[in-house]
Amino acid sequence: MDVLIYNFNDSDLWEEFDNYSPGDVIPDQNSSPCRTVSFGNWVNVMLAVVYSLVCFLAVMGNLVVMIVILHNWRSTSSTDIYLFFLATADLLFAISLPFWAVDATSGWVFGDVMCKVVSMLQEVNFYSGILLLACISVDRYLAIVHSARSHRQKRPFLIKLVCVVVWVLAVLLSLPILYKGKFNYDGRLLCYELLKGESIAIWKNSTRFLRHIIGFLIPLDVMVFCYCITIHRLCQTKGFQKQKAMKVIIAVVLAFLICWLPHNIIVFVDTLMRSQLIAETCDRRNHIDWALSVTRILGFLHCCINPILYGFIGLKFRRNLLNLLADKGLIGQHAKAHYKRSVSSSSESGFVSSTI
């Protein structure tokens, strides 16, 4: 697909882009520009630092998670397989953050193709993440509510097939982002959505609503339904032992919602405004643009959070990590034995979570 390079010469319009951040959509250049407040270049420098730090933590953390799961692949549960692909999605997204870090300080210098690829990674990560979490909620619902003992030994091929379907659907939902391209404005290159014309705007708003429904609302409803019933069943379980198996999963879901729900709500409001279902004023546009920028940063933080949750909450993850380190000779067997004793003494009946 050919990408058009637009070059506007209205100096007043450029003031609207002083607070530019990745992923924003350029307003119609024929409309009256809304002036925004600029906070200076230090904001972009801080963004670059945050993106770089998140990238480092996410790459290291998710690599460790993937290595630990692969090292214990024969004993993995169905949930562990979903979490492995979730870590894969976060790792791919983390790889894109250095591009946004450079973009924050120097503009988009990587060309049209990389603009599409990097933006695609961001979108695929979001949709694959929430779809995989929906799969995990169904997985836990079937295993706990229906007491499906054979569920944990499901055919790995079926689980992998579900993950492939999830990734394909995430890619399809992300395809509209390919309309992004390099945008040259007053000597500064931006990575923006290049859409013009009323018919294209209608198409884009329609696909936005479709992505909101399929890529967020439906998976969210599935998670709420499954976990409400599952938690209710767990509260009726004598000894509350099964609750421990849910700690990591609930923490992962809450982390995803805290990081991405605010951004998705703002994007939905932005969609309503661009569809003229909500009146658009300069104040509302400025507030929405700044909210998009802030909530996007919160969403970017998500890719490094899951490994931290596994380390602090997941007993099985820490046990498997110690097994890996001991097998590679990085720690002594006495440290491994000491951890096992501490876990058994602090858990009821020696119970250890069946998930990561």
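The values are calculated or read from the model by the stated rules, or taken from the named source; none is laboratory data. Just so it is clear, the model here is predicted, and its values are computed rather than measured. Cβ sites come from the backbone with ideal geometry, for glycine too, and all protein chains shown count toward neighbours. For accessibility, only protein heavy atoms count, side chains too; no ligands or nucleic acids. Shrake-Rupley method; radii C 1.70, N 1.55, O 1.52, S 1.80 Å.
Brief remarks follow.
For every residue, the table says whether it meets (1) touching a Pro at 6+ places or on another chain (Cβ under 8 Å); (2) surrounded by 18 or more Cβ atoms within 10 Å (Cβ to Cβ).
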| position | (1), (2) |
| --- | --- |
| Phe56 | no, no |
| Asn62 | yes, yes |
| Ile69 | no, yes |
| Arg74 | no, no |
| Thr105 | no, no |
| Asp112 | no, yes |
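- Single residue of Ala255, Ala335, Ala245 found to be touching a helix residue (DSSP H, G or I) at 6+ places or on another chain (Cβ under 8 Å), modelled with pLDDT of 80 or more and among the aliphatic types (A, V, I, L, M): Ala255
- Residue pairs meeting the criteria (Cβ under 8 Å; at least 6 apart or on separate chains; first within 26 Å of Tyr192 (Cβ to Cβ), in the range 160-181; second hydroxyl-bearing (Ser, Thr, Tyr) and open to solvent by 10 Å² or more (accessible area, probe 1.4 Å)): Leu169/Tyr127; Ala170/Tyr127; Leu173/Tyr127; Ser174/Tyr127; Pro176/Thr207
- Candidates Asp80, Asp10, filtered to the one that is more than 20 Å from Cys191 (Cβ to Cβ), open to solvent by less than 50 Å² (accessible area, probe 1.4 Å), at pLDDT below 90 and over 17 Å from the mean Cα position of the chain (by Cα): Asp80
- Some residue of the range 199-214 being surrounded by 13 or more Cβ atoms within 10 Å (Cβ to Cβ), in contact with a Leu (Cβ under 7 Å, 6 or more places away or on another chain), at pLDDT 85 or above and under 26 Å from Leu257 (Cβ atoms): yes
- Residue that is farthest from Lys247 (Cα to Cα), among those in the range 273-319 that are among the aliphatic types (A, V, I, L, M) and open to solvent by less than 40 Å² (accessible area, probe 1.4 Å): Met273
- Residues that are under 22 Å from Lys160 (Cα atoms) and among the β-branched types (Val, Ile, Thr) within the range 103-146 comprise Val124, Ile130, Ile136, Val138, Ile144, listed in sequence order.
- Test result for Asp186, at pLDDT below 85 and either out of contact with any Ser or Thr (no Cβ under 8 Å at 6 or more places or on another chain) or farther than 24 Å from Val124 by Cα (or both): yes
- Criterion violated by Val49 - all others in (1) of a type in the set (Val, Ile, Thr); (2) in a helix (DSSP H, G or I); (3) modelled with pLDDT under 90; (4) open to solvent by 70 Å² or more (accessible area, probe 1.4 Å) satisfied: (3)
- Residue list for the range 102-146, restricted to those being outside any helix (DSSP H, G or I) and of a type outside the set (A, V, I, L, M): Gly107, Trp108, Phe110, His146
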